Amino acid sequence: MENLRQRFNSKRFAKQYHYNGALGAVCSSEGTTFRLWAPTAVSVELRLYQKGHGVSPYFQTALSRQGRGVWVWSSPQNLDGVYYDYVVTAQGVSRETADPYARACGLNGSRSMVIDLFRTNPKGWERDVPPARQPEDIIYELHVREFSWAESGGFPKKVRGKYKAFCCTDTTLHNDGAHPTGIGWIKQLGVTHVQLMPVFDYASVDEENPEGSFNWGYDPLNYNIPEGSYSTDPTRGEVRIREFKEMVQSLHQNGFRVVMDVVYNHTYHRDSWLERTVPGYYYRQYPDGRISDGSGCGNDIASERSMCAKYILDSVLYWAEEYHIDGFRFDLMGLLDTQLMETIRKELDARWGRGEKLVYGEPWTAWETSMARGFQQADKKHLAGMDPEIGAFCDGVRDGIKGSVMDAASRGFVNGGRRKENEIFHSISGWCGKHRRFSAAAPSQVINYLSCHDDMTVWDKLVFTLDPQKQYDVFSPQVLRANRLAAAICFTCQGRLFLLSGEEFGRTKEGEANTYCASITLNRLDWERAWQNRELAEYYQGLFALRKTLPALCDKSGTAWERILQQEILRPGCVQVLLDNTGGSYRQILLVYNASQTPQPLLLEDGWFLLADGENSFLWQEEHPVSQLKAEPVSVVILGKK
Ligand code: CA
């Protein structure tokens, strides 16, 4: 007898049961229809409730089975606002479950809700459009709660930690009216995209008591519903939806595109709505029946099975369409298959234009996974073979510059690591071509970054490797220098740019590498620190503004590497790179990264202008002709030639 794995991986199963239509509950003035795909079920019961939690069902009925394993029940009434769940009987067991396709839910997401989405639209939503694309994509990673939790941010108490904080656009440090925090701060920085850490409904924070715990939220419960603990009322299903849309609208109005962090590779636990609806179908097994655990979270979603692929694709398109999301960051993308990623790319392009919606992810897994034969993992190995508008985080840049994230004590180019020069050269060209650690087809596939929510912050890594006392709260000139050099290198590499919120002001988590469920006081953005370390933030700001003017660096084409005219190791720890900047106001640019402790004299012919150095990234705003100068120890020189 064939096992579940063979059955669900078989073409025969897909041929018999693949269903292309819409699923979930849809209501209108003409009535309401419930559709659930449950091909292995022998019966499905629908239960309706007046409330999202507690209370008994006021109505119960059986759905009828139609073609392709879809169960249906229709009512002539508009059931907008009614809560519901199912009892699915399959393989001899009856399981209560919320609707995996639900678009609204009650408290803690355990009961689904019928919703007329039109009434969740904020004023002016039909006119909401993202800001125009800039010459470079610079992505800023934010956690909703971390963003506005600190009292120093000056947010009204009732919106702290909530979606609504993103609608407060003129907050200042302790309400002093002079020093912008929140949206105002990020606007000054010059980033173009805000990437929100999980904002779909996740399970780990009790929505009845959001202050009781903190979590990053990589534990999906309802894929197509906003998280409730960030709303002002998680008990009323429509509130989180409206407040989420208001957040997106405000971010758009303030000049940011919005990227969502999506976690389709695993669920909170294996006993999910998907599992309860079609036991065994949505998760990978090994041939011997063991559960595949490449996520390290106890389950891997079987993205290669046709209805699972459809589920993920539908979800992505839904967020893009209904919530106006501008891009998707795929958690552990290496657990998804290349075919699905290509389909997602094509479908987004068909609706919104080529490359308009960003698609990128982590090109790795935690452990090995048991993907069905004939499919390829969307990982580093297969990156260059995928669509050039499918991107991946580049650990080569991250680790080459400041040392491996796997070992706190390891050093990179800026903090005393040896023989890192070639890694820096590879990074400049976006790792295009064949490289052992990373290789991309074009810089459009490369997300350059020094830090994200995972692992030590840049500041902590540099303090750990440079300061024997490990004083995370002291802004030592040595660490600041190394931080500026690290940023200058990372943000002058070809590829897209990414940073963890607060990296620009020396964000610290006191050396902690994994704070996913640590206290909010450790995780929150510290707006006092932001202003104490304002000069570092200004240095980032200047780099971003300069970057946007340099086609040599912004070029995303597969031939961008041809702009690199010359690269040279001037001494151990000191390199220079000459680039063709055709299309910009300078013909050529010269990057000199001096991580050594010795000043490096530079002899230049006529016509060079100093654009930035290790102290000031705004020199390009005025003309600074130079003929000879030194690259100071642990610092950068960026020059342009007319
Ligand atoms: Ca939740």
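All of the numbers you see were taken from the coordinates with simple rules; none came from a lab. No experiment lies behind these values; they were computed from the predicted model shown. All Cβ positions, glycine included, derive from the backbone under ideal geometry; neighbour counts span all protein chains shown.
For this structure, a couple of remarks:
- Label-point separation, Arg351 to Asp473 (7 Å along Cα→Cβ), nm: 4.8 nm
- Here's the list of aspartates and glutamates a cross-link from Lys15 could span, going by alpha-carbon distance under 16 Å and ignoring same-chain residues fewer than 8 apart: Glu304.
- Cβ charges +1 (Lys, Arg) and -1 (Asp, Glu), total dipole of the chain, debye: 1280 debye
- Theoretical ellipticity at 222 nm over the chain - DSSP helices of four or more residues, -39500 (n - 2.57) apiece, nearest 500: -6500 deg cm²/dmol
- Projected area averaged over orientations for the stretch 543-642, convex hull of C-alpha atoms, nm²: 6.1 nm²
- For the chain, the residue among Gln50, Ser635, Val414 whose Cα projects farthest onto the positive side of the dipole built from Cβ charges is Gln50.
- Neighbour cut-off at most 10 other Cβ (10 Å), DSSP loop, chymotrypsin sites (Phe, Trp or Tyr not before Pro), the stretch 470-507: none
- Estimated vicinal HN-Hα couplings, Hz - the stretch 355-369 in sequence order (Karplus 6.51, -1.76, 1.60; Gly, Pro = x): x, 4, 8, 6, 9, 7, x, 7, x, 8, 10, 7, 9, 6, 10
- Using θ = phi - 60° and Karplus 6.51 cos²θ - 1.76 cosθ + 1.60, couplings along the stretch 219-229 (whole Hz; Gly, Pro as x): 9, x, 10, 10, 5, 10, 9, x, 4, x, 5
- Cβ-based charge dipole, the chain, positive-most Cα from Pro122, Leu550, Ala41: Ala41
- Pairs spanning more than 24 Å between alpha-carbon atoms, out of Lys420/Lys461; Lys434/Lys556; Lys123/Lys548; Lys187/Lys630: Lys123/Lys548; Lys187/Lys630.
- Cα gyration tensor shape of the chain, rounded if a/c is under 1.5, else prolate or oblate by comparing a/b with b/c: prolate
- Principal-axis analysis of the Cα atoms of the chain puts helix 338-352 at an angle of about 90° to the longest axis.
- Of all DSSP beta bridges in the chain, antiparallel share, percent nearest 5: 70 percent
- Gain on full stretching of the segment that runs from Ala132 to Ala22 - 0.36 nm per residue minus C-alpha separation: 36.4 nm
- Potential lengthening between Glu368 and Asp176 on full extension [0.36 nm per residue; Cα-Cα distance subtracted]: 63.9 nm
- Sequence-distant lysines (8 or more away, or on other chains) whose Cα lies within less than 17 Å of Lys346: Lys310, Lys357
- For the stretch 364-436, trypsin sites (Lys or Arg not before Pro) meeting the loop criterion (DSSP other than H, G, I, E, B) and having at most 14 other Cβ atoms within 10 Å: Arg373, Arg418, Arg419, Lys434, Arg436.
- Residue order, fewest to most beta carbons within 10 Å, for Ile291, Ile520, Ile225, Ile344: Ile291, Ile520, Ile225, Ile344
- Exposure proxy order (Cβ contacts within 10 Å, fewest to most) of His179, His435: His435, His179
- In a simple Cβ point-charge model (Lys, Arg +1; Asp, Glu -1; nothing else charged), the stretch 204-319 has a dipole of about 460 debye relative to its Cα centre.
- Computed label-point distance, nm, for sites Gln60 and Arg7 using a 7 Å Cα→Cβ extension: 2.7 nm
- Placing unit charges on the Cβ atoms only, positive for Lys and Arg and negative for Asp and Glu, gives the stretch 285-382 a dipole magnitude near 240 debye about its Cα centre.
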